[in-house]
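What follows is a single structure, written as structure tokens, with notes after it.
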Amino acid sequence: MAVTRETPRVRRIRLRPPDWPGHVAGQHVDVRLTAPDGYTAQRSYSIASPPSQPEVELIVERLDDGEVSPYLTDELRAGDLLEVRGPIGGYFVWPEHSGTAVQLVAGGSGVVPFVAMLAHHRTSGSSVPVRLLYSARTDADVIAREELRPRPGSAVVLTFTRDAPADWTGPRGRIDRELLVRHSAPPEQSPAILICGSTPFVEAVTREFVAIGHAAERIKTERYGGMGDTS
Amino acid sequence: MNASDSTDTGRLDGNVLGGPLAELFAADLTVATVACAHCGDHAPMAAFQVYADAPALVVRCPGCAGVVMRCASDQRGVRFEMTGVRLLTVTSSDDQA
Amino acid sequence: MSHVSRGFSGRRRDAPAGRLPPGQYDVGDGFPVLSAGPVPYTEPDEWDFTVQGQVDEVRRWSWQEFKQLPREPVTVDIHCVTSWSKFATRWEGVSVETLLAEVETAGDYVLAFSDGGYTTNLPLDDVVDGKAWVVDTYDGSPLEPEHGGPARLLVPHLYFWKSAKWVRGLVLNLVDEPGFWENFGYHNYGDPWKEQRYAGD
């Protein structure tokens, strides 16, 4: 196992689980920690690596009052064993047979499953037009910068909710209706929409998409614990 | 689909049930359509509200907030009840759209 | 138990001997909020407390009437089944003894019910004789909704799931009726000193 620092609060963990069956972009693993007295704590983490990569990568953000994330971001070292169960989930996954555009919307660390999806989109040579709208607090909080670089066929729009870089000409502030209208696929394209982040973020963005005219059935959501990128 | 506009920031959704339910069921139930026994609304299990910090996972209907399922998994084993589910449907198609 | 995660100890902490029931840890300044559902928000003019079921006559108090009842401060240790304990928590409210003072009942059991649908059951003997209160004040301030306000039950000698948040009344029963957690495999009585967490313990 290898661990690297992604941002001050975020760490990337690379694992080689034995007998790993492979996964679908968007799936997660359950990580379980066991203390010497038998006490256990468990949380779910999205897989950040695409299916084509043999090693499984997790990108974990430290929640200050979390039970599991501080261990993963601060304590875990190369060479440690980590108990994981997975891959899990068939709902919040890359829509392999989508006939239409795909619109991804991420709040903070909610971008992790989309890192896997965009990498999969690239390595599988998919021709489905995909867009990611990604909300981060500041430039220092942006995760997976390499994987999110612009490519033909996939568009990534970043917005900063707290501090944008000095020379930033892109969007600023929270993802609201105006930002969605300007930077997301419109209802006429009937995009498959996937939204991931904290519960308040996911529910606010869902409401806005419905208000803009997207069908609720085209929207899938995955909620993370913590406040996410809401401030 | 807004049973509560409250700031339930700790609330998750049915995506997290995938792991615990895999201890009991071979099929992935998070993609199953669940009909709520309280209000009759139906939605994929992944879209249900999950309160994960109680002594057990408590799953509630996104329409009426009624409890549809509870799941606890620990060293002793698994406890699971779904008295709030009127019907659970798993389609054989693998088209998720 | 096969695998132990190196360097992981959970939130455990030691506490003075004799004060902590088996399997518990002292949560210190924290006060975890564990919810099985959305937080109900009930305004005083919507709130009432009733005693009903196997009683001679249903009793009902509005918020104003409840506030007029004799009340007392209560300082107790509390123990949650998820293993955190908190020492010397300070509350204020009305003893259940006072609420049941003039009630005639043949029932031996109580089912407490709350806004949001939560229920929990107790023997009648365990809520009288200074063992239980309906409290509306915590640490000198009105009880916040996420901690069970406007009022919650307080039964400190049992695991804290018996101290129903958002309580709205008691049903007196001839037959014991398990509540929300009791019919999901948790112990029917819940004595932390006997570590009665699960049914069969």
Taking the square root of 5λ for each eigenvalue of the C-alpha gyration tensor of chain A, the equivalent ellipsoid has semi-axes, largest first and in whole angstrom, of 29, 20, 16
Quick calc: nm separation of the 7 Å Cα→Cβ label points for C:Gln64 and A:Arg182 -> 5.3
Cys residues of the protein assembly as shown with no disulfide-compatible partner (no other Cys Cβ under 4.7 Å) are A:Cys196, B:Cys71, C:Cys80
Quick calc: nm separation of the 7 Å Cα→Cβ label points for B:Phe25 and C:Asp108 -> 4.1
Inter-part gap, Cα centre of segment B:17-73 to Cα centre of segment A:1-79, in whole angstrom, is 24
Of all DSSP beta bridges with both partners in the protein assembly as shown, the antiparallel percent, nearest 5, is 70
Dividing the mean separation of Cα pairs under 8 Å (6+ apart) by the residue count of chain A yields a relative contact order in percent of 19
Most exposed to least, judged by fewest other Cβ atoms within 10 Å, A:Arg85, A:Arg43 sort to A:Arg85, A:Arg43
Taking every residue of B:69-80, the Cβ atoms of other protein chains inside 10 Å of its Cβ average out to 3
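Report Rg/Rh for segment C:42-176, rounded to two decimals, where Rg is the Cα radius of gyration and Rh the Kirkwood radius. Walk me through the numbers on the way to the answer.
Values: Rg = 13.8 Å, Rh = 14.8 Å.
Checking Rg against Rh, the ratio lands at 0.93.
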Dividing the surface of the Cα convex hull of the protein assembly as shown by four yields a projected area in nm² of 26.4
Tilt, helix A:112-123 to longest principal axis of chain A (alpha-carbon atoms), in degrees rounded to tens, equals 70
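Every number in this text was worked out from the coordinates using simple rules, so none of it is lab data. If you're wondering where the values come from, they're calculated on a predicted model, not measured in any experiment. Reconstructed Cβ throughout: ideal geometry from the backbone, glycine too, with neighbour counts over all protein chains shown.
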